[in-house]
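The values are calculated or read from the model by the stated rules, or taken from the named source; none is laboratory data. Here the structure is a predicted model, which is why all the values come from computation and not from measurement. Every residue, glycine as well, gets a Cβ built from its backbone with ideal geometry; the counts of neighbours run over all protein chains shown.
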Amino acid sequence: MANNPFFSVVIPVFNSKESLVELHRTLCETFRLMDKTFELIFVNDCSHDGSLAVLQEIKKNDQRIVVIDLYRNFGQQNALLCGFNYCKGEYVITIDDDLQNPPQEIAKLYQKICEGYDAVFASYGKKKDKIYKNLGSFLIRKLTQKIFNIKNDLRFSSFRIIRQAIVEELRLKKTPYPYISGMILNITRQVANVEVEHQKRRFGRSNYTFRKLVKLAFNLLINYSTYPLKIISFGGIVISIAAFSMGIFVFIRKLMMGSVRTGWTSTVMLISFFASMFFLIAFIFGEYLKRILAEVEKNKQYSVKTVYRPESADDPKP
């Protein structure tokens, strides 16, 4: 591709062979109607259902496609960062591989970002997901609003459009625990929402399980906030005051009543309580230490096995 495309679309792929052909077709049709040049960057996150073979077949007839095959499953966020290194478009779009985000809605994202924003996230009037996933998304949204000090009701989603200048900044982030939406907000506050349609999943089942939602919330708390440390500090102060008060109470009672028989049950309860607090504190500090070591050791965010791209394409930016 001699000239850079106007749009780059990054699609993390994991076990979604049934939807890929239609996703490619609808993306091509969308950009044809918009009369804009584009490239599609599919990042195969170690699928084991034949998704890579489907992508290779699609690419045979479309030189606007780049297919990146990773050695192992690194997760959606890391797969996106990998795809960003191959983007050449003026605007970068991220979209899921399951067709729940209709590609036709890209036009709305583009219209909104043309108002002067650096990034625009899709928001949904009513999500066609299971109850636990909708609840998880709500809790994640509230958590991110608190962590990143978002005053308005900004909603994050994986369907978004980003200016190339912001993507350039994201490429510089080397954390092994990325969260793209939060990283964008750390770079710029010129972000907005636009409401788009959300469709029911048509093929297979969601790869975003309850376990992954919990893991995302945990990563947000540990990597992008100090709330766990604040909670430990506050809890330590409360426990210290309670222990000191109990000691004063026992001392005064002894002075007034003489020898007091110590209760076995209360002793065991106190030991169990303080032991539990100790292990909780040790766990949280251990998690922080593990992540600090990962940062220091510069663990790879992803490892690329093979890149299938047009022969005329340049190497990705480092």
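Output the residue which, of all residues in the range 114-138 that are at pLDDT 95 or above and surrounded by fewer than 22 Cβ atoms within 10 Å (Cβ to Cβ), is nearest to residue 300 (Cα to Cα).
Filtering first and then ranking leaves 118.
How many residues are at pLDDT below 70 and surrounded by 12 or more Cβ atoms within 10 Å (Cβ to Cβ) if we restrict to the range 297-316?
Step one: filter the range 297-316 for residues at pLDDT below 70, giving 297-299, 311-316.
If we keep only those that are surrounded by 12 or more Cβ atoms within 10 Å (Cβ to Cβ) as well, we get 299, 313, 316.
The number of residues fulfilling the criteria is 3.
Within the range 34-64, how many residues turn out to be of a type outside the set (Asp, Glu) and assigned to a helix (DSSP H, G or I)?
Adding up the residues that qualify gives 10.
Scan 50, 75 and give me the residue that is at positive phi and either touching a helix residue (DSSP H, G or I) at 6+ places or on another chain (Cβ under 6 Å) or not assigned by TED's automatic domain parsing to the domain that holds residue 195 (or both).
Answer to the check: 50.
Would you be able to tell me the number of residues in the range 9-21 that are part of a strand (DSSP E or B) and touching a Phe, Trp or Tyr at 6+ places or on another chain (Cβ under 7 Å)?
4
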